[in-house]
Structure formats: C-alpha cells, structure tokens
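K.L.:
Please find one structure pasted underneath; my questions will follow.
The values are calculated or read from the model by the stated rules, or taken from the named source; none is laboratory data. Fair warning: this is a prediction, and the values are worked out from it, not measured in the lab. Positions of Cβ are generated from backbone atoms using ideal geometry, with glycine treated the same way; all protein chains shown enter the neighbour counts. Ligands, DNA and RNA are stripped out before the accessible areas are found, and what is left, the full protein with its side chains, is counted by its heavy atoms. Shrake-Rupley method; radii C 1.70, N 1.55, O 1.52, S 1.80 Å.
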Amino acid sequence: MHVSEGELKEFIIDSGLVAKKEIDAASIEAERKKQSLGDILVSRGSLTEDALRRIQAYVLGIPFVNLKEHRIPVDVLALIPEPIARTHNIVAFKKEGDSLEVAMLDVEDLASIDSVRKKTGLKILSRLTDTDSIKHSLLQYQKSLKDEFGDIISTEALKIRVVAEGNSDLTSADLKKMAEDLPIVRIVDTLLRHAIVQGASDIHIEPMETGVLVRYRIDGILHDAMTLPKNAAAGIVARIKVLSNLKLDEKRLPQDGRFKMETEADKVSFRVSILPTFFGEKTVMRLLRETGEGFTLEVLGLHGENMEHIHRALKQTTGIILISGPTGSGKTTTLYTMLDILNQPDVNISTVEDPIEYQMKRVNQTQVNPAIGFTFANGLRSLVRQDPDIIMVGEIRDGETAALAINAALTGHLVLSTIHTNSAAGAIPRLIDMGVEPFLLVSTVRVIIGQRLVRKLCEQKEAYSLDAVARAKIASEEEFNVAFEALQNEKLVKKGTSLDDISFYRPTPSAECTDGYKSRIGIHEVLPVSSAIRDIILHSSTTDAIETQARKEGMLTMREDGLYKAARGITSLEEVLRAVSE
C-alpha cells in the first residue's frame, strides 16, 4: 500500500493546499535527493505531517479517524498496553465481534499490527490518524491508569498480614520480612507509579489514629489521594526504608535517603524524609524527574527586559547572580536552567549542593554532608582550588558561605546561588545581616531574581473583563498600568487598546483538567544592580529604598508580572494573589 509520486503530486495540486510553484520546486529537490515529494514538502514547512497523512489516507482509500471525537471504552483501550501505544503510536479504539479497529500514524507498520493481532487474537483493521489524536488517547490511558491503581491498592490492602500491636518490639528481621511481603511491595510500587502519572512533585504518607492518609502535591497544591488501613503503615514505611537503604529498626530519629525508579516514560529519583510523629513515622518523598526536557528562560516565564537583564549578567565572567524566594518557589530549577545556558565546552563548572537534585553532563557536582563536617562553606573553599570558571552554590545560608561566595566573585569567578528572602530587594539587607560589607556587595552582585510559582490555566477557560472599581480590589491602578505597559512594549496588545479592553480568565474544570489548572510557571522580579542602586546599598541598604529605585528604573514586581501573565491568559488573578501576598 504505497502512494505513487504521480498520484500524490496530482492530489496535492488539486487540493490547493500548496502553491504549484512550491510543488514544482519540491519535485526537483525530491528527484535530486532521491526522497519522496511528501517528505520534501514537510521538511520545507509547506505541508504538515498530519496533512500529508490525511492526503495519503484519501488517495489509498484508508479511513481517517479523529480520536479527539471518541471516548474510547477502558476495556478496548487496555487491549494495547500504554507503553506499546506510546512507543509505536498505535491505539485500539473500537471492537466489534472478532475485529479490532486501531488508529495509527503509520499504517504500513506491519510489525506493530502483527504484534497486536497475536496479543489480542483479533482481526486488526488499521485506520490512519494524526499526532493530536494519539496524544489525546494517551491522556485517556492516564485516566484509566489512575482507576486501575486505586483498584490494585484497595485489593492488595486486604491481603496484608495483620501485625500485632506494639510494633516497637519488631526486630529488624521482622521489618525486613514485612517489607518483602507481596501486597506491601505492590502497594508501594503502585503508589509511586500513581504519583508519577498524576504529575505529583511530592508524596506524603501520614499515619493517623485509624488509618494512613496518602496525599500528593500536584502543581503546588496538596490533594488527598487515598486512605489505607492502619495495619499497612509499618510495612509501607519498612518498604520505603529498604528502597532508600535506611535503618529499619530506627524509629526514634529522623532519617533521609534516596532511591530511583524507572517507568516506561520517566526516570524518577525519589528524595525520602522519614520523621517520627505521635501516630508513627511520617514519610515525605520528593519526586525529581531526570528525563524531562531541558527548560529555557522563556518556558520558566521570563520575558522582555527581565530576560535581557539575565542574559547580560550571564555573559559576565565575574560577579554574583542571586535567586531569592521561599522553599518550593522553583529557585533550583532556575539555577539549573542558567547553568544549562552557561554549560559550554570552554568553561569549567563546579557546584556544591544540598542535595544534588538533577545530574548535569560536564558539570562537577558535589553534595554537602554536614554530619561529617562537609558544609557549603567547606565545599566552596575547596571548589575555588579546582580551577572553576563558574561556581554554583545551592544556597547561601550563613555569613561564612556568603563571604566565600563574595570572595570567589572578586577573584575572577561567576557565582550563581539562592537566598531565602521574600523579594529581590530583600536579598541585599539579608546579606548585610550575615556580615557582608556593603562595598563588597556593590563590587560583586550583578542581578537578583525574586520568584514565585503560579498554576497555569488549561486551554478551556472563561474570559471576563474588569472595570476600574473591580481592579482596585485586586491591585493598585499603577500596578495594572505597569503590567499593561509591559504588554504594549512586547507588542502583545493591538494599538488603541485600553486597560478596560483587556480580558482576564477564570479556570474551567474539564475531564483533562479537574480544577482548570495544569502545570506551573514562574512570576518574577529581576533587579539589575545599577549605579543608583549601588549608591543606595552603600548608604542606606533598606529594602524599600532599593525596591523604589528599581521600580523607577523599570523593574516589574512579582505582582505586576503576575498581572501581566493573567492578562495574557496564562494564569488567573486568583493564582497571582495566592502566590504573592502583601
């Protein structure tokens, strides 16, 4: 089943999808390169791959299906396992008698068709589809997986051997046997896979008086996932301790560990923290995905002048770039994104972190260990003797680390680090409180980035407008005007548009987005240290004075950047207010 070049060319000309002049030029190139006309048109951008598939389906007389219009029954979808569907782009969508209709991107993939035929024992009828349809179907797999995980956990929970009360008397051997109990192994494995499918960043397993509460943090918000029977608590904690290589019989002291897990789609590292509580040991696991796509500054939410200030600072060979914000505000992700930009063959990059969250190629990463006296300060002191060009310090926590970072910047290194303050301007007084002299800050600090994370709205959202009275309840008119001016400067609004004409958006819950939000993005304030700000640092160094001058020089505050993103429909005003309080 192959479309001849003549038939394909004739149909494309008749369809009017591509100008004849472009088709003739592509034909000459196809002949010269010994490639098909369709492939050349796709590579030139004259035709999309999906449009080419539709044309081929029409010429060959193969039915074309749009799976976005189908709600596939779970039992039919499950006939082809999700890993095979994802790898080979083949989805079962309709079963009648002994026939199974499958949607594919390549109907000539006979090996996949034969594999599905052998697995199901059914007659396979192949249909052509497009990439959007396949993506839509894979989302349905995730929903059915969630239901399947819930069933597995409830079934296995009933099989757990009842452990006598007084678990404190259990020996290490008893606990190890419990951790290897098949129902416990299946419950923990399913919990971890379920969290990965849900896109969780953290798993909380909390012992209560009558049960075990499992919660997932998804897009920064904790959600109750399930409640397990009380008798599962000891086995689950023991299983996680075995995976993390922790002491099984230590229940009085907190323990920290780490382990990795691979699924068909992801390689995930779990950072484990176990803490004794009144009803037993509470476990929190942070999920760190190692196989995700690399971030860019644009994807993180940086734009316009903010991005230019950062790129200018990254081009410097000395100085300090600081990222400020509370725990969980995405500081580490921003640091790694900057390191990725700087990571070129002609520079030596060294880091000292607690812990190492993502492994980076060609970067020398070191993890601190305070238990043996290896602190940020000690690590940084050793790093400068390793001939680095760029140094990344996970966090400036004390005066000693701050002094060493400043010294490294003064002696010819570019230093990237984070600091816990509520705003970009607040980083300077915090460093002075640590004992750093203002004249040293003036010489070294290049740019300070303050950030928070807000949830992104899904594609389905409800537009509405705000008048001046409604806006006043959310933020000052000046803040709205600054955000509107940023939209104008980046040519994101039409000429003649006023602030009253701008639409804002509310979340609309749907099957794909249960609460109307999916994923997160940063809202930022980027404070370049100008000559006027250096003067303020030397004389007053107050947060308000620094922020006032920065705003005069054009800095968007986090709230204003949030209003900008709300006006673009990226997030909602409610999310901005939740993330940035007064």
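K.L.:
Restricting region 62-110 to residues that are small (Gly, Ala, Ser) and modelled with pLDDT of 85 or more, which is nearest to Glu49 (Cα to Cα)?
P.N.:
Top of the filtered list is Ala103.
K.L.:
Taking the stated definitions as given, is Ser144 modelled with pLDDT under 80, under 21 Å from Lys230 (Cβ atoms) and part of a helix (DSSP H, G or I)?
P.N.:
In short, no.
K.L.:
Let me ask another. Of all residues in region 455-480, which are open to solvent by 70 Å² or more (accessible area, probe 1.4 Å), among the polar types (S, T, N, Q) and not in a strand (DSSP E or B)?
P.N.:
Correct list: Gln460 only.
K.L.:
Out of Thr277, Thr318, I need the residue that is outside the structural domain of Val482 (by the TED database), surrounded by fewer than 17 Cβ atoms within 10 Å (Cβ to Cβ) and among the polar types (S, T, N, Q). Which one?
P.N.:
Going through Thr277, Thr318 in turn, the sole match is Thr277.
K.L.:
Would you please name the residue that is farthest from Val442 (Cα to Cα), looking only at residues in region 502-539 that are among the aliphatic types (A, V, I, L, M) and assigned to a strand (DSSP E or B)?
P.N.:
Ile521
K.L.:
While we're on this one: Taking Lys495, is it in the same structural domain as Ala468 (by the TED database), open to solvent by 80 Å² or more (accessible area, probe 1.4 Å) and under 30 Å from Lys315 (Cα atoms)?
P.N.:
no
K.L.:
Residues in region 77-88: is at least one under 24 Å from Val197 (Cα atoms), among the hydroxyl-bearing types (Ser, Thr, Tyr) and open to solvent by 50 Å² or more (accessible area, probe 1.4 Å)?
P.N.:
yes
K.L.:
A further question on this structure: So which of Ile474, Ile448 ends up being under 18 Å from Asp501 (Cβ atoms) and in contact (Cβ under 8 Å) with a residue 40 or more places away in the chain?
P.N.:
Ile474
K.L.:
Next up: For region 481-492, give me each residue that is free of Cβ contacts under 8 Å to residues at least 24 places away in the same chain and part of a helix (DSSP H, G or I).
P.N.:
Correct list: Asn481, Glu485, Gln488.
K.L.:
Condition first: closer than 21 Å to Leu297 by Cα, open to solvent by 50 Å² or more (accessible area, probe 1.4 Å) and either touching a helix residue (DSSP H, G or I) at 6+ places or on another chain (Cβ under 6 Å) or without any contact (Cβ under 8 Å) to a residue 60 or more places away in the chain (or both). Now tell me which residues in region 346-384 satisfy that.
P.N.:
Result: Tyr358, Lys361, Arg362.
K.L.:
Can you tell me which residue among Glu49, Glu101 is assigned by the TED database to the domain that holds Lys123, among the charged types (D, E, K, R), open to solvent by less than 40 Å² (accessible area, probe 1.4 Å) and within 16 Å of Leu128 (Cα to Cα)?
P.N.:
Only one candidate passes the filter, namely Glu101.
K.L.:
If only one of Lys267, Lys282, Lys260 is among the basic types (Lys, Arg), outside the structural domain of Arg381 (by the TED database), crowded, with 18+ Cβ neighbours inside 10 Å and out of contact with any helix residue (DSSP H, G or I) (no Cβ under 7 Å at 6 or more places or on another chain), which one is it?
P.N.:
Lys282
K.L.:
May I pose another question? Any idea how many residues of region 396-420 are over 22 Å from Lys315 (Cα atoms) and surrounded by fewer than 21 Cβ atoms within 10 Å (Cβ to Cβ)?
P.N.:
6
K.L.:
Can you tell me which condition Val436 does not meet? The list is (1) touching a helix residue (DSSP H, G or I) at 6+ places or on another chain (Cβ under 6 Å); (2) under 24 Å from Thr337 (Cβ atoms), and all the others hold.
P.N.:
Here Val436 meets the rest and fails (2).
K.L.:
Those residues that are open to solvent by 10 Å² or more (accessible area, probe 1.4 Å) and in contact with a Leu (Cβ under 7 Å, 6 or more places away or on another chain), I need them from region 421-448; list them, please.
P.N.:
Pro438, Phe439, Val442, Ser443
K.L.:
Restricting attention to region 390-410, report how many residues are over 20 Å from Tyr336 (Cα atoms) and either basic (Lys, Arg) or in contact (Cβ under 8 Å) with a residue 40 or more places away in the chain (or both).
P.N.:
So the answer is 2.
K.L.:
Of all residues in region 398-431, how many are part of a helix (DSSP H, G or I) and among the charged types (D, E, K, R)?
P.N.:
Number of matching residues: 2.
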